[in-house]
Amino acid sequence: MASHNLPSESDTNATHASLFGRLRAKAGPEREVAWDEFQARYAPLIAGFAARCGASRQDIDDIIQDVMTGMLRAADGFEYDPSKGRFRSFLKTCTVRASIRRAGKNMRFRGMPLDELPQAEIAVEPVWNDVWEQQLVARALSVLRNEQSASLAFLAFEQYVLFDRPAETVAAELGTSVNNVHQAKTRMTKLLKEMVHRLREQEDNE
């Protein structure tokens, strides 16, 4: 199985500083692309958090819209300064406040309505971080799939690990050995962990 290099950091996702710079661009294709990228990266995170707190589908859509609209309004005057705190904390604050406004009585954390939760932004930190990590893995898997989807190793990994199919069945369908399927699992899992680590470092350094 041919080896492939992991994509460089610049090939995975733009840094926050770069992304925010493009969000502040004058109306046009560059800004539209930046907003599409911003939504693709963070809407699933906002949705995942809201869903974990019991929000309805409609409430989730409204919360995402509120956060995105707020970011759009603030973009022109927003300067991303990592020395003042991580972006994930800023986004968490925006999401929790939008959640309370939209569905505070219907969303719950540890059995308590979100709008009655003391220091809600601090209390929900474990859930927020958990969803953030899940989305980090999803992003890493997306990068890996884009880079490796044509390789036999990734096809075997996808069928065996992601789709939870028997190794013998996967091997027969792909015309390879069971041992190669197991090797594909080991190799792709290693690449996925490396990509998650790279994305996490990128997030932590921004």
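Things worth noting here:
- Filter pass, Glu206 being open to solvent by less than 70 Å² (accessible area, probe 1.4 Å), at pLDDT below 95 and part of a loop (DSSP other than H, G, I, E, B): yes
- Members of segment 176-206 found to be touching a residue at least 60 places away in the same chain (Cβ under 8 Å) and aliphatic (A, V, I, L, M), listed by number: Ala184, Leu191, Met195, Val196, Leu199
- Any hit, segment 159-166, residues being buried (at least 16 other Cβ atoms within 10 Å of the Cβ) and in contact (Cβ under 8 Å) with a residue 24 or more places away in the chain: yes
- For segment 176-199, taking the residues that are in a helix (DSSP H, G or I) and of a type in the set (S, T, N, Q), the one that is surrounded by the most Cβ atoms within 10 Å (Cβ to Cβ) is identified as Asn180.
- Pairs where the first residue, in segment 47-74, is over 23 Å from Ala138 (Cα atoms) and free of Cβ contacts under 8 Å to residues at least 40 places away in the same chain and the second is open to solvent by less than 30 Å² (accessible area, probe 1.4 Å) and in a helix (DSSP H, G or I), C-beta under 6 Å, 6+ apart: Asp66/Ala98
- Test: Gln148 is surrounded by 16 or more Cβ atoms within 10 Å (Cβ to Cβ) and either more than 20 Å from the chain's Cα centre (by Cα) or farther than 27 Å from Ala47 by Cα (or both): yes
- For Glu173, the test of being in a helix (DSSP H, G or I) and either open to solvent by less than 40 Å² (accessible area, probe 1.4 Å) or in contact (Cβ under 8 Å) with a residue 24 or more places away in the chain (or both) is failed.
The values are calculated or read from the model by the stated rules, or taken from the named source; none is laboratory data. Remember, it's a predicted structure, so these values are computed and weren't measured experimentally. No Cβ is skipped: glycine too gets one built from the backbone with ideal geometry, and neighbour counts run over all protein chains shown. These area figures cover heavy atoms from the full protein model, side chains too; ligands, DNA and RNA do not enter into them. Shrake-Rupley method; radii C 1.70, N 1.55, O 1.52, S 1.80 Å.
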